[in-house]
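The values are calculated or read from the model by the stated rules, or taken from the named source; none is laboratory data. Since the structure is predicted, the reported quantities are computational estimates derived from the model, not experimental observations. Cβ atoms come from the backbone with ideal geometry, glycine included; neighbour counts cover every protein chain shown.
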Amino acid sequence: MKPDVKTFYDKRSGTASHVVWCARSKACAVIDPVFDLDPASGHTSCKPIEMIASFVRERGLRLGWILDTHIHHDHISGASELKRLLGGTIAIGDRVGEVATAITDVYGLEPHHIQLDPFDKLLADGEHLPLGDFTVEALATPGHTIDHLSFVIGDAVFTGDTLFMPDSGTARCDFHRGSASALFQSIKRILDRADDVDLFACHDYGAAGRRAPAWHSTVGAQRSANIHIGNGTDESAFVILREKRDASLDMPALMLLSLPLNIRAGALPALSAHGRIMLSVPLNVPRNAM
């Protein structure tokens, strides 16, 4: 049985946010919502979240869960803003504390930043959440990051930053305690399903402009055509390919701005004494420190 899905695409970060619901009960979850920040101007916008909130209201859906697949390095989570608008329970993987500790060390943040208060629930591998006629299964899929989860809902898997579209391959593994070998094993967990199971990715960049952005594929399509893991690629070959590619990639444009916010579920800091929202970023950070 497949849930209903509506995807909202954020062009700036190449992020696909998914609204997933049970048609009978109207219970819904939102996976990887985005809060917009223009790094050039420092201007923020709630528009991506407001679009999701409007859709949920128009369809008469009941938001139960706001799910982040991991601490994102390339955009700001909209989880806190969406909860402010619609309510719901914010959940993330239970290894988030390890990531938060690394980030607070690099930024020199106060200890309260790793109390993880904005996250209402920390999910263990195999944990289930109710969603009308469905359940949401938390599937630990580390590799891109150590805290990464995918979410299994009926005959659909929301893969976060593990598998991209077949012509774009897989997610990078060069962040703090990322591992190409772990990602390979995580992808095996995802693809150990029937060929017609739907897969929904968190990111797409239009294959470097060769096509329109996309985020939906199937297990069968990934097994046969994924340029990094398709057609029986073994683990050693994948690790060599993935690590070589990672060494050539630039850091995400929003990484230094997003990380201290995302360990707080995207919640912005309080106003400074001057009435401004302020963010501080570290300089000369080692590549694998976060």
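Quick check on the stretch 93-103. Is at least one of its residues within 20 Å of Thr7 (Cα to Cα), crowded, with 24+ Cβ neighbours inside 10 Å and among the aliphatic types (A, V, I, L, M)? Looking for residues that are within 20 Å of Thr7 (Cα to Cα), crowded, with 24+ Cβ neighbours inside 10 Å and among the aliphatic types (A, V, I, L, M), one finds none in the stretch 93-103, hence no.
For the condition surrounded by 12 or more Cβ atoms within 10 Å (Cβ to Cβ) and either of a type in the set (Lys, Arg) or over 15 Å from Ile103 (Cα atoms) (or both), what is the one hit in Pro252, Pro260? That would be Pro252, the only listed residue that is surrounded by 12 or more Cβ atoms within 10 Å (Cβ to Cβ) and either of a type in the set (Lys, Arg) or over 15 Å from Ile103 (Cα atoms) (or both). Take the stretch 131-151 and flag every residue that is more than 19 Å from Glu98 (Cα to Cα) and touching a Lys or Arg at 6+ places or on another chain (Cβ under 8 Å). Selection gives Gly132, Asp133.
Among residues of the stretch 264-285 that are farther than 17 Å from Ser77 by Cα, those with a beta-carbon under 8 Å from a residue that is among the aromatic types (Phe, Trp, Tyr) at least six positions away or on a different chain give the pairs Ser280/Tyr107; Val281/Tyr107; Pro282/Tyr107. The residue of the stretch 186-205 that is farthest from Gly230 (Cα to Cα), among those that are of a type in the set (D, E, K, R) and part of a helix (DSSP H, G or I), is Arg189.
The one condition from (1) assigned to a loop (DSSP other than H, G, I, E, B); (2) touching a residue at least 60 places away in the same chain (Cβ under 8 Å) that Ile90 does not meet is (1). Within the stretch 150-171, the residues that satisfy the criterion of being more than 11 Å from His228 (Cβ to Cβ) and charged (D, E, K, R) are Asp155, Asp161.
Listed here are the residues, each with its yes/no results for (1) of a type outside the set (Val, Ile, Thr); (2) free of Cβ contacts under 8 Å to residues at least 60 places away in the same chain; (3) in a strand (DSSP E or B); (4) out of contact with any Asp or Glu (no Cβ under 9 Å at 6 or more places or on another chain).
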{"residue": "Met165", "(1), (2), (3), (4)": "yes, yes, no, no"}
{"residue": "Phe184", "(1), (2), (3), (4)": "yes, yes, no, no"}
{"residue": "Arg211", "(1), (2), (3), (4)": "yes, yes, no, no"}
{"residue": "Ser217", "(1), (2), (3), (4)": "yes, yes, yes, no"}
{"residue": "Gly220", "(1), (2), (3), (4)": "yes, yes, no, no"}
{"residue": "Gly230", "(1), (2), (3), (4)": "yes, no, no, yes"}
{"residue": "Ala237", "(1), (2), (3), (4)": "yes, yes, no, yes"}
{"residue": "Arg245", "(1), (2), (3), (4)": "yes, no, no, yes"}
{"residue": "Leu261", "(1), (2), (3), (4)": "yes, no, no, yes"}
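Taking the stretch 115-139 as the region of interest, how many residues are in contact with a helix residue (DSSP H, G or I) (Cβ under 9 Å, 6 or more places away or on another chain) and crowded, with 20+ Cβ neighbours inside 10 Å? Of the residues in the stretch 115-139, 2 are in contact with a helix residue (DSSP H, G or I) (Cβ under 9 Å, 6 or more places away or on another chain) and crowded, with 20+ Cβ neighbours inside 10 Å.
Quick one: would you say Glu81 is among the acidic types (Asp, Glu), part of a helix (DSSP H, G or I), in contact with a strand residue (DSSP E or B) (Cβ under 8 Å, 6 or more places away or on another chain) and on the phi < 0 side of the Ramachandran plot? So Glu81 passes the test.
Yes/no per residue for (1) of a type outside the set (Val, Ile, Thr); (2) closer than 26 Å to Gly97 by Cβ; (3) surrounded by fewer than 19 Cβ atoms within 10 Å (Cβ to Cβ); (4) at pLDDT 95 or above:
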| position | (1), (2), (3), (4) |
| --- | --- |
| Ile153 | no, yes, no, yes |
| Val157 | no, yes, no, yes |
| Thr162 | no, yes, no, yes |
| Cys173 | yes, yes, no, yes |
| Arg177 | yes, yes, yes, no |
| Ser181 | yes, yes, yes, yes |
| Leu199 | yes, no, no, yes |
| His203 | yes, yes, no, yes |
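Hey, can you tell me all the residues within the stretch 167-180 that are among the polar types (S, T, N, Q) and either in a loop (DSSP other than H, G, I, E, B) or touching a helix residue (DSSP H, G or I) at 6+ places or on another chain (Cβ under 6 Å) (or both)?
Ser168, Ser179
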